[in-house]
Amino acid sequence: MTTWLGRYLPAAGLFVAGLAVWEAFVVVFDIQGFLLPRPSVIAGTFLRELPVVVPAGLFTLREAVGGFAMGAVLAVLAALATARWSLVREGILPFAVAANSTPIIALAPITNQWFGITNPLSKMTVVAVMVFFPVMINMVRGLTEVKTSELELMRSYAARPLEVLWKVRIPNSLPFLFSALKVGTALSVIGAIVAEYFGGSRQALGVYISQQAALFHFAEAWAAIIVGSVMGIGFYAVVLAAERLAMPWHVSLRSG
Amino acid sequence: MAESMVSIDGVHMVFNQGGADEVTALSGIDLEIAPGDFVSLIGPSGCGKSTLLRLIGDLLSPTSGTVTVNGKPASRARLDRDYAMVFQQATLLEWRKVIRNVELPLEIMGMDPRARRAKAREMLDLVELGGFADHYPWQLSGGMQQRVAIARALSFDPALLLMDEPFGALDEMTRERLQMELMRIWQRTGKTIVFVTHSIPEAVFLSTRVVVMSPRPGRIVETIDIDLPRPRTFDTREDPRFFELLTQVREALRGVEVEVP
Ligand SMILES: Nc1ncnc2c1ncn2[C@@H]1O[C@H](COP(=O)(O)OP(=O)(O)O)[C@@H](O)[C@H]1O
Ligand SMILES: [Mg+2]
């Protein structure tokens, strides 16, 4: 318990200090509230707006998680296909690496047209594409960057390729997969919210933020951004927990 | 049966043939290993010991010549699981607990779960690691990991063990303990063992025969029969004959040890 406290106390202290500095900065320099509201004002607005921003957050979270799941599942299947057929890998990987460095979020107006602006599928598709490439690239690396001695061991047992895949390559790929999935949680929340800036359902968090900002209601916009942050952190924590369940042998669990 | 466990006939091994980085690793290797033999391969590093072991295990194919294991081509013997390999690094799968690492070959060979669990426990007891079945490999010392690797190799009862400097990464004390343990296992199971080492005392202490190799291209320069009494014990290392044999191996190596990279 005390060690737990010791571990999180510095971060919590820094957080509170940061808010205090922000508050003082706005007061001392007399910054206009519509440019940068004080944390205390945002907190008050946040509490008042809870009945609106929380359902909006949940609506957007559904898009983020849905898109994440679609992208991740397809990416894992694609990576497994490349492990099975190396020709697929040679063909697909350069495009994946190239696509991974393009601003996929720029597709949002197009998917809005495809599926309809209020259809969650339009946001999920953008999120899925954003999550797909890093997950696939990492998973392929995890499946292929296997120790030679482990492959020799399996060969000495005359193991079939499917057994090598199942008993060596897939377990070997899990740390790679999860590090991409963790990046993917942030990408998917960003993707969903930003895609909504291009238009979406009136219940959506991104639509709420862009509308409030257009009306100079910055405290409301900040309150919604807090909801977005909490969503991102919560989603990350869920994937982190899944990682620990899936890899009880992992280095990160060795300290205790 | 009078037949050899391993029979190597006129083997040459050239890596990257025709390329700028062509290496002739082995040249004109002939070697017969009888069932129950404990043969050590010794020679300066880079002389092709590991390559020779991999050829016996069909992890490589010779450029020319033939390798026969247990009366059949090496490739057939591998498919029949006639041998087990032990590497310098224990090569345990880090995501499997110790017991499941020992079960790995049995799993691949299709033994049912209860039988293989029982067999793996028996093997862990044999290497005196019964209490560590549910640990992960990283929780074990290097010596313990290597004993798990030996238990895993013995689990499916192969006729032949191929060991590539299995104790090379261990400290002297652990090394001598494991040598005794290997002696005990060899005496009890009657396996044929091909053992690669850098260490002259280790080769002499363990073997029935020591094969001395020369560097690039690797050749066999001498084969020395080790006529020390068995079972070998801690006293063996004090035996005057032990020292004579050490000298004999050292002399054979002296002629060849021109470069040690
Ligand atoms: N896969 C390979 N490709 C190219 N050269 C190799 C390969 N494996 C070994 N060699 C070369 O063959 C020679 C013998 O290597 P090795 O059998 O590992 O020696 P040792 O085990 O006696 O130290 C070395 O010169 C090494 O560089
Ligand atoms: Mg070697």
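Values for this structure:
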read-out	value
Residue-wise HN-Hα coupling along segment A:116-122, computed from phi with Karplus coefficients 6.51, -1.76, 1.60 (Hz; x: Gly, Pro)	x, 5, 8, 6, x, 4, 5
Backbone HN-Hα couplings from phi across segment A:165-170 [Karplus 6.51/-1.76/1.60, Hz, Gly and Pro as x]	4, 6, 8, 10, 5, 5
Eligible lysines near A:Lys167 by straight Cα distance, threshold 19 Å, same-chain separation 8 or greater	A:Lys147, B:Lys97
³J(HN,Hα), Karplus 6.51/-1.76/1.60, whole Hz, each residue of segment B:12-29, x for Gly, Pro	10, 9, 10, 8, 6, 4, x, x, 5, 9, 4, 10, 8, 7, 9, 9, x, 8
Filtered trypsin sites (Lys or Arg not before Pro), segment A:93-195: DSSP coil and at most 16 other beta carbons within 10 Å	A:Lys147
GNM result for chain A, Cα springs below 10 Å: residue of A:Ile209, A:Ile233, A:Ile193 fluctuating most strongly	A:Ile233
Chymotrypsin sites (Phe, Trp or Tyr not before Pro) restricted to DSSP loop in segment B:1-93 with at most 12 other C-beta within 10 Å	none
Qualifying aspartates and glutamates (Cα of each under 18 Å from Cα of A:Lys182; at least 8 residues distant if same chain)	A:Glu63, A:Glu243
Full-stretch length increase - A:Asn100, A:Ala24 - with 0.36 nm per residue and alpha-carbon distance subtracted	23.2 nm
Anchor B:Lys191: lysines whose Cα lies under 23 Å away (excluding residues fewer than 8 positions away in-chain)	B:Lys49, B:Lys72, B:Lys119
Restricting segment A:117-213 to GluC sites (Glu not before Pro) in coil, as DSSP defines it, with at most 14 other Cβ within 10 Å	A:Glu145
Relative exposure of A:Val164, A:Val238, B:Val67, judged by other C-beta atoms within 10 Å (fewest first)	A:Val238, A:Val164, B:Val67
Local net charge near B:His12, Cβ-Cβ under 12 Å (Lys/Arg +1, Asp/Glu -1)	-1
Shape of the protein assembly as shown, Cα gyration tensor, a/c cut at 1.5	prolate
Amide hydrogen neighbours beyond the local backbone of B:Ala25, cut-off 5 Å, H modeled	B:Met13, B:Val14, B:Phe15
Residue among A:Gly199, A:Gly67, A:Gly13 with the largest mean-square fluctuation in a Gaussian network model of chain A, springs linking Cα atoms under 10 Å	A:Gly13
C-alpha center-to-center spacing [segment B:164-199, segment A:70-90] in angstrom	43 Å
Net charge over other residues, Cβ less than 10 angstrom from the Cβ of A:Ala195 (K, R count +1; D, E count -1)	-1
With at most 14 neighbouring Cβ atoms within 10 Å, loop GluC sites (Glu not before Pro) (DSSP) excluded, longest segment of chain B	B:129-256
Chain lengthening between A:Thr118 and A:Trp85 when straightened (0.36 nm per residue, less Cα-Cα)	7.9 nm
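All of the numbers you see were taken from the coordinates with simple rules; none came from a lab. Everything numeric in this text was worked out from a predicted model, so none of it was measured. Cβ sites come from the backbone with ideal geometry, for glycine too, and all protein chains shown count toward neighbours.
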